[in-house]
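Below: one structure, written as structure tokens.
The values are calculated or read from the model by the stated rules, or taken from the named source; none is laboratory data. Note that the structure is predicted; figures quoted are calculated from it, not measured. A quick note on method: Cβ atoms are made from the backbone with ideal geometry, for glycine too, and the neighbour counts reach across all protein chains shown. All accessible areas refer to the heavy atoms of the entire protein, side chains included, with ligands and DNA or RNA removed. Shrake-Rupley method; radii C 1.70, N 1.55, O 1.52, S 1.80 Å.
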Amino acid sequence: MATPTVRLSSGHDMPVVGLGTWQAKSEEMEDLITNAFSSGYRHIDTAFNYNNEEAIGKSLKQWFNQGGKRDQVFITTKLPNFGNRPSDVEKFIKLSLQRLGLDYVDLYLVHMPFAFIQDKDTFAPATNANGTFALDLESDPVAVWKEMEKQVKAGRTKSIGLSNFNISQIQNILNNSEIKPSNIQIELHAYMQQRPIREFCRQHNISVTGYSPIASPGAKQHFQTKYNYSADKFPDLLGHPMVKEIAETHNKTTAQVLLRHAVQGGVIVIPKSSNPGRIKSNIEIFDFSLTDEEMHRLNSLDQAEVGRIFNFLFFKGVENHPQYPFRSELK
């Protein structure tokens with residue numbers, strides 16, 4: 001069965017379930033993509049910052065060589081946080097296309113509203129002597145967006161959008177854009193259901209993609225290993241008694257219930273897994289529906305901003321950037 005799609009404001013269709021690839025290792029990518037395509041996925045989400053675009057490109061080439069068509073697959077990638085300036089947009093989308101082995105991507109997102117200075121020797125943010133990240137305080141999201149629009153006109157991407165922007169930051173883009181954002185990608189799961197931004201985006205015909213839709217069980221170890229950053233907000237949604245009860249009712253996994261809850265609420269989801277069985281089961285959510293009562297019960301798990309996992313404070317000093325999106329939560 002073909003995965004349902006959402007019609008974007010750009011006129012293009014986006015599958016409502018995609019394969020997330022954050023933390024996916026390059027050496028496992030071929031198996032991940034092969035398993036995903038054989039399970040029915042036609043939507044792959046990546047980013048320059050994930051450092052796996054080349055591996056995805058090799059996997060896509062293999063799929064194309066076996067008869068897969070470019071217009072059958074939806075590829076999203078993102079402008080890196082150290083390339084958040086007008087002069088870098090075209091450079092980085094061209095680099096992503098080169099790595100992916102593609103002539104165009106289907107969706108190109110501004111990954112973060114804030115910007116870092118790039119380390120002159122690497123594709124990574126520069127850091128200061130005290131360990132804080134070197135902030136580019138002159139970054140201008142509207143000026144960056146003007147360059148994003150040019151990438152659509154040049155044919156390098158079909159649609160453009162945002163990621164991790166707050167409502168006022170999205171409004172700023174809407175007020176100063178010729179091509180409106182087609183999509184915003186935000187953290188979204190049962191403990192953080194993002195109702196205000198979802199309603200805002202509904203009013204402005206911006207589709208919403210939820211990342212970490214099962215609350216990113218692997219994030220805690222990643223933060224500790226890569227950034228030496230410890231956080232205590234890592235809920236076990238997969239083991240929640242209510243979620244388990246609803247899953248048993250439908251003979252589904254708890255992950256399938258959480259994904260169905262988001263999709264049934266109008267959200268696109270991009271769950272990540274390296275396990276072939278879970279990759280397959282994560283897209284098998286269209287043969288059942290949650291009742292109104294079950295939706296209401298799952299809605300009641302929402303903790304709003306208290307439930308946020310990804311506040312980006314693992315980028316030491318990022319809260320001092322004028323475009324840091326979650327400032328109200330720091331008070």
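Starting from 0 in steps of 5 Å, tell me what percent of the Cα-Cα pairs of the range 85-227 lands in each bin.
Going out from 0 Å in 5 Å bins, the range 85-227 shows 2, 9, 16, 18, 19, 18, 14, 4, 1 percent.
Pairs 120/180; 272/316; 69/244; 78/316; 158/272: which exceed 30 Å Cα-Cα?
Working: 120/180 33 Å; 272/316 26 Å; 69/244 39 Å; 78/316 22 Å; 158/272 24 Å.
Too far apart for the 30 Å limit: 120/180; 69/244.
For the range 14-22, just list the computed ³J(HN,Hα) in residue order, Karplus coefficients 6.51, -1.76 and 1.60, θ = phi - 60°, integers in Hz, with x standing in for Gly and Pro.
For the range 14-22, the Karplus-derived couplings read 10, x, 7, 10, x, 8, x, 10, 4 Hz, x marking Gly and Pro.
Counting DSSP beta bridges in the chain, what percent are antiparallel, to the nearest 5?
Values: 7 of 32 bridges.
Once the DSSP bridges in the chain are tallied, antiparallel ones form about 20 percent.
Which three semi-axes in whole Å describe the equivalent ellipsoid of the range 260-331, each the square root of 5 times a Cα gyration tensor eigenvalue, listed largest first?
On the way: eigenvalues 199, 70, 17 Å².
Equivalent ellipsoid of the range 260-331: 32, 19, 9 Å, largest first.
Take residue 9 and residue 238, extend 7 Å from each Cα along the Cα→Cβ direction, and tell me the distance between the two endpoints in nm.
Placing both labels 7 Å beyond Cα along the Cβ direction yields 3.6 nm.
Residue 127's amide H: which non-local residues (gap 5+, or another chain) put their own amide H closer than 5 Å, with H modeled 1.01 Å from N in plane and none for Pro or chain starts?
134
Would you mind telling me the share, in percent, of accessible area of the chain contributed by carbon and sulfur at probe 1.4 angstrom? Mind dumping the intermediate values first?
Values: 6950 of 14610 Å².
Carbon-and-sulfur percentage of accessible area, whole number: 48.
Where nothing but the Cβ of Lys and Arg (+1) and of Asp and Glu (-1) is charged, how large is the charge dipole of the chain around its Cα centre, in debye to the nearest 20? Numbers along the way, then the final one.
Details: 36 positive and 36 negative charges, 79 e Å.
It works out to roughly 380 debye.
List the residues whose amide H sits under 5 Å from the amide H of residue 160, counting only those 5 or more places along or on another chain, with H placed 1.01 Å from N in the peptide plane.
108, 182
Could you list log10 I(q)/I(0) for the chain at q = 0.07, 0.08, 0.16 Å⁻¹, which the Debye formula gives when each Cα is one point scatterer?
-0.26, -0.35, -1.57
GNM, the chain, Cα, under 10 Å: largest mean-square fluctuation among 105, 306, 73?
306
Using 7 Å Cα-to-Cβ label points, what is the residue 274/residue 319 separation (nm, one decimal)?
3.2 nm
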